[in-house]
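Have a look at the structure below before the remarks.
The values are calculated or read from the model by the stated rules, or taken from the named source; none is laboratory data. In this text the structure is predicted, and so the values were computed from the model without any measurement. Cβ atoms come from the backbone with ideal geometry, glycine included; neighbour counts cover every protein chain shown.
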Amino acid sequence: MGRENIREGIGESEVYLDFIEAVSRAAKVDRPVILVGERGSGKELAARRLHFLSKRWQGPLVTVNLASLPETLIETELFGYESGAFTGARGTRKGRFEEAEGGTLFLDEIGLVPLSVQEKILRTVEYGTFERVGSSETRHIDVRIVSATNADLKKLAREGKFKEDLLDRLSFEVLFVPPLRVRGNDIMLLANHFSTRMATECGLDDVPYFSPEAENLLLSYSWPGNIRELKNTVERAVYRSRTQEISDIDFNPFQNPFSSAPSVEKEEALSDSYSLSDYPEIHDDIDVEFFRKALQESGGNQKKASEKLGITYDQFRGVYRKLKDRILQKE
């Protein structure tokens, strides 16, 4: 990965620019950094920026996704091993610490490291030395550690699942990656970026653009999968669109078109116990329930949802604007 990859981290929102400024400031100090953020929010991108803006930028950037490794292999992956260290170890292998010599080691999902390996990482951070698995030879290493997590490391430490000494050593600076839902118009900035790239990949002559309805869908969605989900959603929309204008946004590609639509069950039947003054509240409750189910069945597409409800799109938008927070609230 080179400096050119940093340009993928685009954004103009104040919260994002503040974060980038904090990353740039931390990059200049040769100390460990922990990046905290939701899945798909850009933690690895931030780690690359930390590396390539640091004085270590000419050294290697080695990434280890700890979530993809069985616990039993994490130690050998990080520290390497000598021939005969365990069954099947027929040769000598360098670990990721050695591969990152003079550069940066990015430990993604640091909270998944077993306590026994945490102790060895602590010694390496404190003294700059370690031993390969199956060896008594002490090796010296010069590596900057950048970690990332979506877990509450302080809570894990209180529960005895993460060594407090290691947490202290790794957290010279802790930077929180802003989720996409708080980045405002960055959503459309990124969406247009991804759509242009996908159009090129698909060999399209014209640059696609989003209809006002599609843009509103993208801006109003909560993006639990953050940038990664946005990228998939936009690329899918470009790939499926038969026109230059993108009007159909599918947030849920797993929606089965052949499944029977679930019936809407009434939670509480109307009775004489209600007074006429209760009408506005009850009416809103019904709208929230129906609108939520219609949107779920339509993959978030408001036009399709209005058609399912048998009302016009303008009628749908009027109710949606009024009850949006309740409709989007998780059940």
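Count of the stretch 107-155 residues, restricted to those that are touching a Gly at 6+ places or on another chain (Cβ under 6 Å), hydrophobic (A, V, I, L, M, F, W, C) and over 16 Å from Pro32 (Cα atoms), is 1. Scanning the stretch 154-165 for residues that are in a loop (DSSP other than H, G, I, E, B) and either touching a Lys or Arg at 6+ places or on another chain (Cβ under 8 Å) or surrounded by fewer than 18 Cβ atoms within 10 Å (Cβ to Cβ) (or both) yields Glu159, Gly160, Lys161. How do the pairs read when you match residues in the stretch 60-78 that are assigned by TED's automatic domain parsing to the domain that holds Leu35 and among the small types (Gly, Ala, Ser) with residues anywhere that are at pLDDT 90 or above and surrounded by 16 or more Cβ atoms within 10 Å (Cβ to Cβ), using Cβ under 8 Å and keeping only pairs 6 or more apart or on different chains? Going by the 8 Å Cβ cut-off, the qualifying pairs are Ala67/Asp108; Ala67/Glu109; Ala67/Leu112.
Inside the stretch 226-258, can you point out the residues that are among the acidic types (Asp, Glu) and closer than 30 Å to Val36 by Cα? Outline the logic, then answer.
Of the residues in the stretch 226-258, the ones among the acidic types (Asp, Glu) are 229, 235, 245, 248, 250.
Scanning the stretch 226-258 gives Glu229, Glu235, Asp250.
Among the listed residues Arg39, Arg31, Arg49, which satisfies the condition of being surrounded by fewer than 19 Cβ atoms within 10 Å (Cβ to Cβ) and at pLDDT 95 or above?
Numbers: Arg39 fails: at pLDDT 95 or above; Arg49 fails: surrounded by fewer than 19 Cβ atoms within 10 Å (Cβ to Cβ).
Arg31 is the lone residue from the list that is surrounded by fewer than 19 Cβ atoms within 10 Å (Cβ to Cβ) and at pLDDT 95 or above.
Among the residues making up the stretch 220-234, those that are part of a helix (DSSP H, G or I) and within 17 Å of the chain's Cα centre (by Cα) are Asn226, Ile227, Arg228, Glu229, Leu230, Lys231, Asn232, Thr233, Val234.
Every condition in (1) modelled with pLDDT of 95 or more; (2) within 26 Å of Gly59 (Cα to Cα) holds for Glu137 except the one numbered (1). The number of residues in the stretch 166-187 that are surrounded by 14 or more Cβ atoms within 10 Å (Cβ to Cβ), in a helix (DSSP H, G or I) and not basic (Lys, Arg) comes to 6.
Select, from Asp278, Asp205, the only residue that is part of a loop (DSSP other than H, G, I, E, B) and at pLDDT below 95.
Asp205
Please enumerate the residues belonging to the stretch 1-28 that are among the hydrophobic types (A, V, I, L, M, F, W, C) and at pLDDT below 95. Result: Met1, Ile6, Ile10. For beta carbons closer than 7 Å, sequence separation of 6+ or different chains, a first residue in the stretch 169-185 that is aromatic (Phe, Trp, Tyr) and a second that is in a loop (DSSP other than H, G, I, E, B), the qualifying pairs are Phe172/Arg31; Phe172/Pro32; Phe176/Gly37. Can you work out which of the residues in the stretch 128-153 that are of a type in the set (S, T, N, Q) and not in a loop (DSSP other than H, G, I, E, B) is farthest from Pro178 (Cα to Cα)? Filtering first and then ranking leaves Thr129.
Going by the structure shown, is Val23 in a helix (DSSP H, G or I), under 18 Å from the mean Cα position of the chain (by Cα) and surrounded by fewer than 18 Cβ atoms within 10 Å (Cβ to Cβ)? Answer is no for this residue. For the stretch 138-153, the set of residues classified as crowded, with 20+ Cβ neighbours inside 10 Å and not hydrophobic (A, V, I, L, M, F, W, C) consists of Arg144, Ser147, Thr149, listed by residue number. Scanning the stretch 92-127 for residues that are among the charged types (D, E, K, R) and in a helix (DSSP H, G or I) yields Arg96, Glu98, Glu99, Glu119, Lys120, Arg123, Glu126.
Out of everything in the stretch 114-137 that is of a type outside the set (S, T, N, Q) and under 26 Å from Leu53 (Cβ atoms), what residue ends up being surrounded by the most Cβ atoms within 10 Å (Cβ to Cβ)?
Filtering the stretch 114-137 for residues of a type outside the set (S, T, N, Q) gives 114-115, 117, 119-123, 125-128, 130-134, 137.
Subsequent filtering for residues that are under 26 Å from Leu53 (Cβ atoms) retains 121, 125-126, 128.
Values: Ile121: 25, Val125: 17, Glu126: 11, Gly128: 12.
The extreme case among them is Ile121.
Put simply, of Ala157, Ala148 the only residue that is free of Cβ contacts under 8 Å to residues at least 40 places away in the same chain, touching a Leu at 6+ places or on another chain (Cβ under 7 Å) and among the aliphatic types (A, V, I, L, M) is Ala157.
Leu73 satisfies every condition listed in (1) modelled with pLDDT of 95 or more; (2) assigned to a helix (DSSP H, G or I) except (1).
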